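A quick write-up on the structure given underneath.
The values are calculated or read from the model by the stated rules, or taken from the named source; none is laboratory data. Values in this document were obtained by computation on a predicted structure and should not be read as measured data. A quick note on method: Cβ atoms are made from the backbone with ideal geometry, for glycine too, and the neighbour counts reach across all protein chains shown.
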Amino acid sequence: MTHTNSKKERVILVGCSLKPSRKGPHPDLESFSPEDSLEELAFLAVSAGGEVVGRLFQERGQFDPAYLIGRGKLEKLQEAQREREAEVVVFDENLSPAQQRNVEREVECKVIDRTQLILDIFARRARTREGKLQVELAQLNYLLPRLAGRGVELSRLGAGIGTRGPGETKLETDQRKIHKRIHKIREELERVRAHRHLHRTFRTSVPVPIISLVGYTNAGKSTLFNALTHGETYASNQLFATLDPLLRKVKLPSNREVILSDTVGFINKLPPTLVSAFRATLEEIGEADLLLHVIDVSSPHYKQQRHSVLNVLEELQFSAKTIIEVYNKIDLVGGSFKFLSGDHLVYTSAVKKTGIPTLLERIDELLSADPLVKAKLVLNQKNGAILSELYAKGKLIRRSYAEDRIYLEVEAPRSVISKLKKYCVEPRPSRSEVPFR
């Protein structure tokens, strides 16, 4: 959908966190502070086309069940909204449907939370059919529990932050129709998932390792992807500049070819609806032989961002994979920055292409080796599929026939030969066997 209105909506940000005593005796030192999280929320609001005109923050012993924030802070929010003529209030925490309705009634303007803001940005960025379906599924799952009691409030939502995508067309849609649409989208995404599975099966039928780029949004993954593949993928200083997975071939210093994939970036407080909706996309990470964790070392919060990505990888059960940490944007750090060394650590500037040769060499070193080995096999005419696999993945050295048997000497990846042990023969065949000629 094209948005012709270039006027930026005036936004007030609201943060609310629990006091340290409510977080447990050992708070995570690598987590985002409430101030850092609110700063990131401002970046998200700007990415969605808003203009931040005010911020409010409160620390409480527990969240208010009716408004999330306390009554006193709510009154300050009302006053700020009137004084600054704000059109949107964005909460950094997820609001329950009741809390969202209650705050909207009090401030008399549109109220959304962090999840809805991220979904709005995703709706802007999605380009492919798959990406749009995934975003719509997440939006509908978010909208469904918020339909009850939303009459006057929803009638005000016609455009702007938090309303892109299906939110603009669902005013008269009841729960039954939304459930039907969700079911249809899931069926379409399952077909996409099956299609991806076929492509992955084809890729794994050829001995080409897969490398996946992961990292915090805006860490420079797409720029690094372009530097490694000599491509022209869209890259921008925006959150979630690219959503759809990209695949390109890359040649390593050893002349081995690998497939490099670039996927959606992660973020602090990643909405669960997005993780489930983007399952087909995230499966690309699961199929990877090696992960490149891209970290924006110029960010003052790079340690927290690194920790957030590792948490998501652990939730997705991908943390056991071999990971190279790529500390990117070193051209933007000062001279006081302390560089570390390690086998799983590389410093780069994707924009200036600094450190790219070192990264390729490190990938070559750490990528699981699948050396070529020689083997002698005896097949019959019914083993056509095995024969085709050997021709596709290996190199034929000798071949001979006797009755219904095929005698082969091949050179193929060890992973392929290991699956065909029952067809292998000793280097010196028995007298009953026809010698390899």
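Among the numbered criteria (1) at pLDDT below 90; (2) touching a strand residue (DSSP E or B) at 6+ places or on another chain (Cβ under 8 Å); (3) closer than 14 Å to V88 by Cα, which one does L41 miss?
So L41 meets the others, but not (1).
Does the stretch 347-358 include one or more residues that are in contact with a Leu (Cβ under 8 Å, 6 or more places away or on another chain) and assigned to a helix (DSSP H, G or I)?
Checking the stretch 347-358: at least one residue is in contact with a Leu (Cβ under 8 Å, 6 or more places away or on another chain) and assigned to a helix (DSSP H, G or I).
For the stretch 384-413, enumerate the residues that are free of Cβ contacts under 8 Å to residues at least 24 places away in the same chain, surrounded by fewer than 14 Cβ atoms within 10 Å (Cβ to Cβ) and either part of a helix (DSSP H, G or I) or among the aliphatic types (A, V, I, L, M) (or both).
G384, A385, S388, Y391, L396, I397
What are the residue pairs meeting all of these: first residue in the stretch 50-75, first residue under 16 Å from L13 (Cα atoms), second residue in a strand (DSSP E or B) and hydroxyl-bearing (S, T, Y), Cβ atoms under 7 Å, and 6 or more apart or on different chains?
Hits for this filter: E59/S17.
Please determine whether any residue of the stretch 320-333 is over 26 Å from R256 (Cβ atoms) and not in a helix (DSSP H, G or I).
So far as the stretch 320-333 goes, yes, one or more of its residues are over 26 Å from R256 (Cβ atoms) and not in a helix (DSSP H, G or I).
Tally the residues that are part of a helix (DSSP H, G or I), without any contact (Cβ under 8 Å) to a residue 60 or more places away in the chain and either crowded, with 24+ Cβ neighbours inside 10 Å or within 27 Å of the chain's Cα centre (by Cα) (or both), restricting the search to the stretch 104-128.
2
On the given criteria, is G15 modelled with pLDDT of 90 or more and in a helix (DSSP H, G or I)? Show your work before the answer.
On the way: modelled with pLDDT of 90 or more: yes; in a helix (DSSP H, G or I): no.
Here the answer is no, as G15 does not meet what is asked.
Which condition number in (1) at pLDDT 90 or above; (2) aliphatic (A, V, I, L, M); (3) more than 20 Å from I118 (Cβ to Cβ) is the one that L68 fails?
With (1) at pLDDT 90 or above; (2) aliphatic (A, V, I, L, M); (3) more than 20 Å from I118 (Cβ to Cβ) applied to L68, the lone miss is (3).
Among the residues that make up the stretch 313-325, is at least one of them surrounded by fewer than 18 Cβ atoms within 10 Å (Cβ to Cβ), at positive phi and not charged (D, E, K, R)?
yes
State all residues of the stretch 65-112 that are farther than 22 Å from E39 by Cβ and of a type in the set (G, A, S); if no residue qualifies, say none.
A66, G70, G72, S96, A98
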